[in-house]
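Trainee: Right, I'll just put the structure down here and ask away after.
Nothing in this text is a laboratory measurement; each read-out follows from the coordinates by a stated rule. No experiment lies behind these values; they were computed from the predicted model shown. Cβ coordinates were reconstructed from backbone atoms using ideal geometry, including for glycine residues, and neighbour counts include every protein chain displayed.
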Ligand code: NAD
């Protein structure tokens, strides 16, 4: 009788308010966050259950979605639902401290772990791609990208200032690409008080970013872009400029002119040579040319990337801060024969790893009530808890003004060891006292300090060479399970693709109860502590200092 005709695509949206259809708030939270991931405001292709990142799905198929939903409504507070690559496969009696849901997505045995085998198995209906937060039900839309980019540019500023904090005031950043992720760059730079010139060959992308207030002005002229940038820099006024052009032509030309650039990076889609416009190819001919002659197009794109990266190295030689923003442009330039391509670092070893050493990472929460006032209340709580952290409070203030919610109102900010537990406790108190109208789901991206092994990105260039060691994300999932998280997940292939990453996630529900307070204290202490010990083990002295300061115990350092 529970198998009825609704097992097909239709718009879904998380229930709002304080009345619940599950037998407890942790189950209700999982139900709402699963639905929220597929909300048409949130998901890229909701009919196909695709949330983001290519084909990252929230459930294997619509029938699985329906059975997961029914199971969550039926689930007791001492039971656990098991999800195997988006399909509910079992319900087991556990205990009240155990997670209500355990999730394993897209995992394959090493020798089989490539896209070809994955797609074969997917076509047989045996697996699905979970990406990171798609299959673990804690995606919150594009706010995550904006915040990550804000954090990266904040870390660049801190490095340039030679201190733990800094702003980009008085600097000019040169980058390219205003696409899905790259479009966050101009706003992330101006939120850090800097000036950005962003080269983009697609005029419609420039216009769209201006319309959404992520970008301030546009120009077709290198001269005008530089004049506007220098004026704003000298006045220490934030400004972002979209410059229509091809990065493989504009960067070498700017270098030739000795343009006063302080920071250089890139977010064109260099990882896919067919998605990078070669120099000399008119924009209008791009797609037909790539489709008709993919081999020739690829060679021309790579040759252009070599010129593009050569100019980036030229800026580095001239004293600029230069980094690869995770789009593989160095690798492509190297394939084209440019030997100095890897002279500048990737963004994780350069800026993010020092934050990981402090247990810092993308902490996020969603208001299950659906009421934006609940997030506004948590925003105030975060600013009250960490008033001395200017970088954080500036983000929270500006996010409140600039970020439009998609689906359930949510917030993200990077918090470290000690800070996450403090925020979780405070949030639970606010739910208990009724200052927040319904519980909060508190989770994070899998791209975090102790939860991912990904040698091309998050664990690139580890000090001890442990880039590909994947025990850490597995221990992370186990310790979150043992600590009382509400749902825990282990995935393969997120971010960088099959065979290239293993990672884990957790979400914990602040429902205002005593039990939730105890669980949150443990999970939000132990989860970032996994990152601290992972970096202590790899030999980072910054992590050792954080471990000592917060009493994170590391047996190999004790005696
Ligand atoms: P996208 O395809 O949506 O946008 C790329 C943009 O680059 C497009 O607007 C395109 O017109 C423009 N472009 C292409 N060739 C150009 C050229 N020669 N000159 C100027 N502009 C050009 O891609 P996206 O989602 O914005 O992602 C960008 C890249 O950054 C991807 O490679 C992605 O994998 C990478 N990325 C990585 C991370 C990470 O590692 N955490 C984060 C963000 C983005």
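Trainee: Taking the simple approach of a point 7 Å from Cα along Cα-to-Cβ for both residue 236 and residue 429, what is their distance in nm?
Mentor: Computed distance between label sites residue 236 and residue 429 equals 3.6 nm.
Trainee: Something else now. Which FRET efficiency value, to the nearest 0.05, is calculated for residue 553 and residue 47 with the Förster distance at 45 angstrom and r the Cβ-Cβ distance?
Mentor: Values: r = 49 Å, r/R0 = 1.08.
With a Förster radius of 45 Å, E is 0.40.
Trainee: Order 346-355, 138-147, 187-196, 439-448 from most to least packed using the mean count of other Cβ atoms within 10 Å. It would help to have the intermediate numbers written out before the result.
Mentor: Values: 346-355: 20.9, 138-147: 23.6, 187-196: 26.1, 439-448: 28.3.
Sorting 346-355, 138-147, 187-196, 439-448 by mean packing, highest first, produces 439-448, 187-196, 138-147, 346-355.
Trainee: Next up: Taking 0.36 nm per intervening residue step and subtracting the Cα-Cα distance, what contour gain separates residue 471 from residue 397 on full extension?
Mentor: Numbers: separation 74, 0.36 × 74 = 26.64 nm, distance 3.80 nm.
Here the answer is 22.8 nm.
Trainee: Would you please give the FRET efficiency between residue 160 and residue 274, computed as 1/(1 + (r/R0)^6) with r the Cβ-Cβ distance and R0 = 45 Å, to the nearest 0.05?
Mentor: It comes to 0.80.
Trainee: Arranged from highest to lowest average of other beta-carbon atoms within 10 Å per residue, in what order do the peptides 240-248, 383-391 appear? The partial results should precede the final answer.
Mentor: Values: 240-248: 24.6, 383-391: 14.1.
Output ranking for 240-248, 383-391: 240-248, 383-391.
Trainee: If I model a spin label at residue 257 and residue 287 as a point 7 Å from the Cα along the Cα→Cβ vector, what separation in nanometres do I get?
Mentor: It is 3.2 nm.
Trainee: Using r as the Cβ-Cβ distance of residue 204 and residue 227, and R0 as 30 Å, what FRET efficiency do you calculate, to the nearest 0.05?
Mentor: Numbers: r = 25 Å, r/R0 = 0.83.
In this case the efficiency is close to 0.75.
Trainee: Right, here's the next one. Using only Cα atoms, locate the centre of region 426-484 and the centre of region 492-559, then give the distance between them in Å, rounded to an integer.
Mentor: 6 Å
Trainee: Tell me, in nm to one decimal, what length is gained between residue 119 and residue 76 on full extension, where the rule is 0.36 nm per residue of separation less the Cα-Cα distance?
Mentor: Numbers: separation 43, 0.36 × 43 = 15.48 nm, distance 3.55 nm.
Contour length minus Cα-Cα distance gives 11.9 nm.
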